[in-house]
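For reference, the structure is listed below as structure tokens.
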Amino acid sequence: MTRQRKAVALISGGLDSLLAAKVIQQQGIHVEGINFFTGFCVEGHTHAIRQKDRSRVKRNNALWVAEQLGIKLHIVDIVEEYKDIVLNPKHGYGANLNPCLDCKIFMVKKAHEWIAEHGFDFIITGEVVGQRPMSQRKDTMPVVARESGAEDRLVRPLSGRNLPATLPEREGWISRDQLYGFNGRSRKPQMALAEQFGLEDYAQPAGGCCFLTDAQYAVKLADLWQARGEKQYEMDDIMLLKVGRHLRPRPHFKVIISREEGEGNFLQGYRKQYVSLLTTSHAGPLALLDGSVDADDIALAARLVARFSQGKQAERVELTVTALDGSQQQLSVKPLTAEEIPQEWYI
Amino acid sequence: MSPVIVDARRLLCPMPVIRVQNRVKELPPGTRVEAICTDPGALSDIPAWCRINGHKLIETRTEGNEYIIVVEVGEES
Ligand code: SF4
């Protein structure tokens, strides 16, 4: 009897990987999903933080896709290893700080290791020739196959007919005729195929699958590296970049100011790691100070935070400053005026 | 037998799911795992993860600002 062939599909939560897995599943292959958590994934986070988003039904799209396909999903935490990809991408960045080509190579490499450990035969991705400017070009797709080590065990069912035959095709595990020849940036063929499969309500993220493609986010990350004098980050840093207003009044410190209650609650969790400010005489935000600050810096930050409180027009606003050791001090300050906050402070 | 506790407080999705998944991998079928989370997303993500991977959802409850999800390890994980 021939052995049941098994493939692992890279599941991002978007439509393409869903379709790619489905196409192979329909050829009688046992498919399971793998999803990599880099720390920059768009999933959940900000929705979980902001109060106004809490009422919306929210779901993890990778889990949703796996459920649609009726496959298992293995979620792998690659936060630590992924740092090197973000900090030192051999193939450089895309339009923002997105190291898409290195990222794809890394994920396929991890999937390749995974199939070796778990006795699977090949890897599926939803890549389409010409779909994305960096990682999904006719000349870069072979780079992914080669540098990941997956070589001809990497199958892209949506563009398979435009690419050289892979091992599963040559061995007859799957039929090339039942792969697709999608090409270019258009999303129409994917949408038509989704309709054919009776799929609705799938996620269609604009831009990329992660925050690194977001221009504003990239500016904040670059600012962090510049302020610290080195390219480096921790999980807390990248989470905080998604929350609140970030202003840098002086090169050596920045102020993170919550915009609403949910963000305030979230920032509360960081009060042991950062000096924090909270207005007491008026309703206002919670703010964290990132950088080493002296009394003058705290006074300036307090005036800035007061500006974002209900007391912005008041003569004085009172605040509690909580130091890293938990000790507290009361301050009474005059809020900055709008003119006193230069646009350049906003990151 | 008291359940195995997974403390996923302050973690945002999908980290609570990952913590539960990694703990479940080491446990024999029938063991109960109780995840304590603060991200409400866990209330939908952990049950979805159970359905997909063949584990049993025993209960979900809210205690103040915390969400508790109890899972029973399935036969083949
Ligand atoms: S958008 Fe982000 S996750 Fe997607 S390939 Fe690019 S760097 Fe990787």
Being more than 10 Å from chain A (Cβ to nearest Cβ) and among the acidic types (D, E) is the filter here; which residues of region B:13-58 pass it? B:E26, B:E34
What number goes with the only condition from (1) modelled with pLDDT of 95 or more; (2) away from the ligand (no atom under 16 Å from the Cβ) that A:V76 does not pass? (2)
Residues of region A:198-235 that turn out to be exposed (fewer than 14 other Cβ atoms within 10 Å of the Cβ) and of a type in the set (F, W, Y), as a count: 0
Select from region A:72-110 the residues that are within 14 Å of chain B (Cβ to nearest Cβ), of a type in the set (A, V, I, L, M, F, W, C) and in a helix (DSSP H, G or I) and list them in ascending order. A:V79
Return yes or no: is A:Y270 within 16 Å of the ligand (Cβ to nearest atom), under 23 Å from B:M15 (Cα atoms), of a type in the set (F, W, Y) and out of contact with any Lys or Arg (no Cβ under 6 Å at 6 or more places or on another chain)? no
Quickly run through region A:128-146 and pick out the residues that are modelled with pLDDT of 95 or more and within 11 Å of the ligand (Cβ to nearest atom). A:V144
Which one is nearest to A:V8 (Cα to Cα), of the residues in region A:86-110 that are within 9 Å of the ligand (Cβ to nearest atom) and of a type in the set (A, V, I, L, M)? A:M107
Exactly one of (1) away from chain A (no Cβ under 14 Å); (2) within 10 Å of the chain's Cα centre (by Cα) is unmet by B:E63. Its number? (2)
Of the numbered conditions (1) more than 16 Å from the ligand (Cβ to nearest atom); (2) in a loop (DSSP other than H, G, I, E, B), A:E169 fails exactly one; give the number of that condition. (2)
Can you tell me how many residues in region A:177-210 are within 13 Å of the ligand (Cβ to nearest atom) and either touching a Ser or Thr at 6+ places or on another chain (Cβ under 9 Å) or farther than 30 Å from A:H246 by Cα (or both)? 4
Among the candidates A:A306, A:A283, which residue alone is surrounded by 13 or more Cβ atoms within 10 Å (Cβ to Cβ) and of a type in the set (G, A, S)? A:A306
Determine, yes or no, whether A:E113 is more than 14 Å from every other protein chain (Cβ to nearest Cβ), out of contact with any helix residue (DSSP H, G or I) (no Cβ under 9 Å at 6 or more places or on another chain) and more than 12 Å from the ligand (Cβ to nearest atom). yes
Which of (1) within 16 Å of the ligand (Cβ to nearest atom); (2) at pLDDT 95 or above; (3) not aromatic (F, W, Y) does A:Q216 not meet, given it meets every other one? (2)
Conditions (1) over 12 Å from the mean Cα position of the chain (by Cα); (2) of a type outside the set (A, V, I, L, M, F, W, C); (3) at pLDDT 95 or above; number of the one not met by B:D39: (3)
In region A:160-179, what residues are of a type outside the set (A, V, I, L, M, F, W, C), under 20 Å from A:K6 (Cα atoms) and buried (at least 17 other Cβ atoms within 10 Å of the Cβ)? A:G160, A:T166, A:P168, A:E169
How many residues, within region A:111-129, are within 21 Å of the chain's Cα centre (by Cα) and part of a helix (DSSP H, G or I)? 1
Which pairs have Cβ atoms under 6 Å, sit 6 or more apart or on different chains, and link a residue in region A:74-95 that is assigned by TED's automatic domain parsing to the domain that holds A:V143 to one that is away from the ligand (no atom under 13 Å from the Cβ) and of a type in the set (D, E)? none
Among the residues of region A:115-128, are any assigned by TED's automatic domain parsing to the domain that holds A:Q26 and more than 30 Å from A:G172 (Cβ to Cβ)? no
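The values are calculated or read from the model by the stated rules, or taken from the named source; none is laboratory data. None of the values given here were measured: they were computed from a predicted structure. Here Cβ is always computed from backbone atoms with ideal geometry, including for glycine, and neighbour counts include all displayed protein chains.
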